[in-house]
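Below you'll find the structure, written out as structure tokens, and then a few comments.
The values are calculated or read from the model by the stated rules, or taken from the named source; none is laboratory data. Quick caveat, the model's predicted, so the values are computed rather than measured. For neighbour counting, all protein chains shown are included, and Cβ atoms are generated from backbone atoms with ideal geometry for every residue, glycine included. Please note that ligands, DNA and RNA were not included when accessible areas were found on the heavy atoms of the full protein model with its side chains. Shrake-Rupley method; radii C 1.70, N 1.55, O 1.52, S 1.80 Å.
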Amino acid sequence: MRRYCPWGPVLVCAAAMLLSALVTGCGGPQLISTDDEIKMGREAASDFEKQNGGRDQDPRRAQLARTIGARIAPVASAPPHVNYPYEYRALANDQVNANAFPGGIIYLWRGLYKTLNYSEDQLAWVAGHEAAHVARQHSVRRIERSLGYELVIQLLLGKDSQRQIAGAIAGLTLQSYSRDQESEADRVGLDFAHGAGYDPTASLAVIGEFKKLQGKDPNQLELLFDSHPGNTTRENALKAYLKQKGWHGRYF
Ligand SMILES: [Zn+2]
């Protein structure tokens, strides 16, 4: 007759689930709750804002961010997506960039408005791309992976580590997503922009501007291009998706 501890398999299973979530970052259970995700994202965003130029007070840019956000957010938070409290902000930073925090705070940088000549349709695709990173939970999963299991376990146990984690997230937000996540964000960004009533073909104009800028001043685009697939690859993928959907517009 064999004797064994009946809890053994349960513990092993729980540990395996935790590890698989941390190692693969997908397919496993989500360790950070949506409430914690939103709370941490907000704290991290306020740290980030202070370190990167602050909120852009220019009324035209701030208003555009709000207008686009008000149209994209309902589409991005409709089922099957989580209903995140999206908030679009303009950042007083001349780099050509945009970024998103877990939980839905999204920044459109001053340099981006200028490069895209304040085109609402073009900005809307970039805004949709960032919302896609939030909606598909690319960032929260990356945080779970990057912070390591000790911090996540502290968080799960409810210790007062949120501040510490928020600081780590502020730094993580500018690091790379995977190429697959970027390609997914490009496509889902088109869905969001189209669903919000914008011209999805404006995405091609955005890539066109990036191509021009890349020739002129590659450093300007370092952040934006770090993790994204090449422009021609992105352009071809966007065209294929637009064709597949049968979407036409001013730029295609
Ligand atoms: Zn991206």
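Counting only residues that are touching a Ser or Thr at 6+ places or on another chain (Cβ under 6 Å) and open to solvent by 40 Å² or more (accessible area, probe 1.4 Å), region 238-247 holds 0 of them. Residue check: V96 meets all listed conditions (1) more than 25 Å from K239 (Cα to Cα); (2) within 15 Å of the ligand (Cβ to nearest atom) but one, namely (1). Summed over region 67-126, the residues that are under 22 Å from E144 (Cα atoms), open to solvent by less than 20 Å² (accessible area, probe 1.4 Å) and of a type in the set (V, I, T) give a count of 2.
Restricted to region 216-247, and to residues that are outside any helix (DSSP H, G or I) and at pLDDT 95 or above, which residue is nearest to A98 (Cα to Cα)? That would be W247. Considering only residues that are within 13 Å of the ligand (Cβ to nearest atom) and open to solvent by 30 Å² or more (accessible area, probe 1.4 Å), which ones fall in region 182-213? Residues satisfying the conditions are S183, E184, R187. So, in region 139-168, of the ones that are within 16 Å of the ligand (Cβ to nearest atom) and open to solvent by less than 10 Å² (accessible area, probe 1.4 Å), which residue ends up modelled with the lowest pLDDT? The extreme case among them is I143.
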